[in-house]
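We did not get these values from a lab; they are worked out from the coordinates using the rules stated. Quantities reported herein were computed from a predicted structural model and do not represent experimental measurements. Neighbour counts run over all protein chains shown; Cβ positions are idealised from the backbone, glycine included.
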Amino acid sequence: MERRAAAIAEAITIEQLDALANGSAFVAIDNLRAGYGKMEILHDINLRVARKQSLCLIGPNGAGKSTLLHSIFGFATIFSGRIRIGDERDDAHGDSHKHLDVTSLSPNEKLSKAGIAYILQDKSIFPGMTVEENLWMGGFLKDQPAQAKQATEMVFDKYPRLAARRKHQAKVLSGGERRLLEISRALVMNPEVLLVDEPSIGLEPRFIDMVFEILYDLQHVESKTIIMVEQNAKKGLEFADIGYVLVSGGIAIAGKGDDLLSNPKVGELFLGG
């Protein structure tokens, strides 16, 4: 698979990536080399995503998709390159957000200073805590318990399915409800950028649709910027504005989600076409 995928690689320029991000990158990665310990997995990766845009990363196992999310969030070893967040515009409070170099910040600093939240692919909720307590934890991570309680009520207003379970221990939730809780807990932290690792993994089809509806709402109503890894390439590319195909730690193809869906090379390898 890896070899066949490598054969479809195209020469990707920064100009192409800038154009896909509408010439206004909010998340920018320059020549990133990263991995774990001394092992380099990502080789000179560039990335551009605009504010309120969604990017889906697809590719064979071992291509470096999750490592790219880990690098942005601070879980991986970065050997060289830069990761920047922000743009030149003023936010709702009148604060000007210039590009902030977050390359060497810790995960906690990335959350508190740059508004980056990570929704893990493995189960990250606390099964012995209630749904409500799990949501409050999002605020404790940001050192803002009072705001967390307020944000928790907003989550319950938005998602009656969780509100009905607020006093239940998280371990009694269905798989789809647990994923909803994981996403909602990240929201309590009020991030600007959501890193989402395999949102559909292990879910029944009806819950997969629900999760993608929630992500759509987060992007288009809550104005979040979303970078996701998704094994279900068709679902991910249907959702996302832009897509990158990663192969062997590099970007093989980059394009609009719709263009990648209709690309026969992508279809043959990743879409069952």
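Observations on the structure shown:
- Viscosity 0.692 mPa s, 37 °C: Kirkwood-radius Stokes-Einstein D of the stretch 153-201 over Cα pairs, µm²/s: 283 µm²/s
- Calculated FRET efficiency for the pair Ala7/Glu238, C-beta based, R₀ 22 Å, to 0.05: 0.30
- Extension gain for the segment Gln169 to Met154, taken as residue separation times 0.36 nm less the Cα-Cα distance, is 3.4 nm to one decimal.
- With R₀ set to 35 Å, the beta-carbon distance separating Asn31 from Asp209 gives a calculated FRET efficiency near 0.40.
- Estimated inter-spin distance, Asp18 and Ser104, nm [label 7 Å along Cα→Cβ]: 2.7 nm
- Once the gyration tensor of the Cα atoms in the stretch 157-262 is diagonalised, the equivalent ellipsoid follows with semi-axes of 27, 15, 12 Å, ordered largest first.
- Among the listed pairs Lys224/Lys256; Lys158/Lys234; Lys65/Lys234, those beyond 24 Å (Cα-Cα): Lys158/Lys234
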